[in-house]
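Step one of this worksheet: look at the structure below.
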Amino acid sequence: MIYQGRCHCGAVQFEVDAAEEVEVEDCNCSICRMTGFLHLIVPMRAFRLLTGADQLTVYRFNTGVAEHQFCKVCGIKPFYVPRSNPDGMDVNLRCLTTQPRTVKIVGFDGQNWEQHAADLAHKSS
């Protein structure tokens, strides 16, 4: 399936290929807990930025590896390149305007990221 997504104001629009039934992570790390990001990690080839590349700004923290991309206009982070899957894209399920038929939400212990990051590696292959 091809899902459409966007930031709040619509300046950034994208599409992503994913199954009709998806599993997403609800992470308890500091940034995800504060923003309510639900992680749909896909291979980079399954993600296409349609508009708004010039409206994105990047935020890096801690190790500086993850590339958190925010809309400069509305401040929403619709996707980012995760440290766990630098060959993939992590899309916020909540930013999809079309939704998968079935969504399974699983907890992810991002507060202890180093011990659990390998559990996500298969998601971008």
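Summary of values
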| quantity | calculated |
| --- | --- |
| Identity of the residue in region 17-30, buried (at least 19 other Cβ atoms within 10 Å of the Cβ) and among the hydrophobic types (A, V, I, L, M, F, W, C), that ends up nearest to F70 (Cα to Cα) | C27 |
| Candidates L49, L40, filtered to the one that is crowded, with 18+ Cβ neighbours inside 10 Å and touching a strand residue (DSSP E or B) at 6+ places or on another chain (Cβ under 6 Å) | L40 |
| Residue match in region 28-41 (condition: touching a helix residue (DSSP H, G or I) at 6+ places or on another chain (Cβ under 8 Å), outside any helix (DSSP H, G or I), at pLDDT 95 or above and of a type in the set (V, I, T)) | yes |
| Region 103-117 - residue that is under 11 Å from V24 (Cβ atoms) and of a type outside the set (A, V, I, L, M) and, of those, surrounded by the most Cβ atoms within 10 Å (Cβ to Cβ) | F108 |
| Hits in region 87-125 (condition: among the hydroxyl-bearing types (S, T, Y), out of contact with any Phe, Trp or Tyr (no Cβ under 7 Å at 6 or more places or on another chain) and outside any strand (DSSP E or B)) | T97, S124, S125 |
| Residue in region 52-62 that is more than 11 Å from the chain's Cα centre (by Cα), of a type in the set (S, T, N, Q) and more than 13 Å from F14 (Cβ to Cβ) present | yes |
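The values are calculated or read from the model by the stated rules, or taken from the named source; none is laboratory data. All values derive from a computational prediction rather than experimental measurement. With ideal geometry, Cβ positions are generated from the backbone for all residues, glycine too; neighbour counts draw on all protein chains shown.
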